[in-house]
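Below: the structure, in structure tokens.
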Amino acid sequence: MTQPRIAAFARLANGDVAPNRLITGQNTLLGRTIHGLAYDPTRDEIVVPNALADAVLVFRAAAAGSEHPLRVIQGPRTELVTPHAVSLDLQNREILVASLTGRRINVFRWDANGDAAPVRVIKGPKTELGHVVGLAVDPDRNLLAVANTREILIFNRRDDGDVAPRGRIAGPKTGIIDEPWQMEFYKGRIFLAASNHFHQNLYDGVTLRPEAKVVPDDPWLNPILGFMGIWNITDNGDVAPLAMIRGSFSGLIHPVGLALNPKDGEVYVSDSVRNGVLSFLVPQFFPQENPTSNPDGRQAK
């Protein structure tokens, strides 16, 4: 087991470089399993899940060393169950929490602290929620996108209880085979880290889909390459991505984490097999931030 930590690097860091600072130590209350964190620029805070403690931690963005969180959401009233990723709705001042084994999405006020009850919980058989890690909100269209077991599910932002998704992005054209992970939203578009790794049949009574039989005994040694893909949040059905980063030259194998920097036209993707973060300069993905782009996103001459 490695030491739980959050490492902060310079934006232009490259290669085997030391972090500028670490958030680590007993006082941080960090747990081993952190599959997604979020940054709140309006309050300059970092929101981090602790799956093993059924908790959500909020730190100063400038936190360093063994610093205690500003707030801790934890307790029976929170209904948190193995929270694996968090997302922020800055416009509506809410924290959204994806639960892996609990098959649910808990929504809290941005300033929730202690044993606070969620304002909404999406859960139940109609939701079809399964392996949930990533999620992102479009506050203008009042839509919520969720990275589910083998698909992207779309809900109304204010859905509560056992509700069916209003849309679904799934099928061979999407390229999503298994385990979509962290997700980000930017001006009507979903950015997704699609890891595309099948779970192995480790338990009696678990049956893999027929196409999973081609997966080798150790998918980490011979993986199905993942990718980063973009869709409109209004897409529905078997829809191909608007754009992708993939292939052997991309360096992506098992992408799980994702962050966007529209101002500088950059996308950051963490890869759990490479044990690192890959940075891509793709200003065409953010045409509204690039004054030298045509309306279709291509560079103006």
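Each value in this text was obtained by applying a stated rule to the coordinates, not by laboratory testing. Note that the coordinates shown come from a computational prediction; the quantities given were computed from them, not determined experimentally. Because the Cβ atoms are built from the backbone with ideal geometry, glycine has one as well, and the counts that use them run over all protein chains shown.
A few points about this structure:
- In this rough spin-label picture, where each label sits 7 Å from Cα along the Cβ direction, the residue 120-residue 90 distance is 2.0 nm.
- Fully extended contour minus Cα-Cα distance, from residue 32 to residue 101, at 0.36 nm per residue: 23.2 nm
- Neighbourhood net charge (15 Å Cβ-Cβ; Lys/Arg +1, Asp/Glu -1) for residue 228: -1
- Efficiency of FRET between residue 140 and residue 284 - r from beta-carbon atoms, R0 25 angstrom, step 0.05: 0.65
- Gain in span if fully extended, residue 243 to residue 109, counting 0.36 nm per residue against the direct Cα distance: 44.9 nm
- Summarising the label geometry, the points placed 7 Å from Cα in the beta-carbon direction at residue 20 and residue 64 lie 1.0 nm from one another.
- Simple spin-label estimate for residue 44 and residue 9 in nanometres, 7 Å along Cα-Cβ: 2.4
- Count of Lys pairs (Cα-Cα under 26 Å; at least 8 positions apart or interchain) in the chain: 6
- For segment 29-289, a Kirkwood radius taken over Cα pairs fed into Stokes-Einstein (25 °C, viscosity 0.890 mPa s) yields D = 131 µm²/s.
- Where chymotrypsin sites (Phe, Trp or Tyr not before Pro) in DSSP loops with at most 12 other Cβ within 10 Å are excluded, longest remaining stretch of the chain: 1-202
- Taking the fewest neighbouring Cβ atoms within 10 Å as the starting point, the ordered list for 123, 263 is 263, 123.
- Hydrodynamic radius (Kirkwood) for segment 44-183, which is based on Cα pairs only, to one decimal in Å: 15.2
- Across segment 229-239, rounded Karplus estimates of 3J(HN,Hα) from the backbone phi angles (6.51 cos²θ - 1.76 cosθ + 1.60, θ = phi - 60°) give x, 10, 10, 6, 5, 8, 5, 8, x, 7, 10 Hz, Gly and Pro being marked x.
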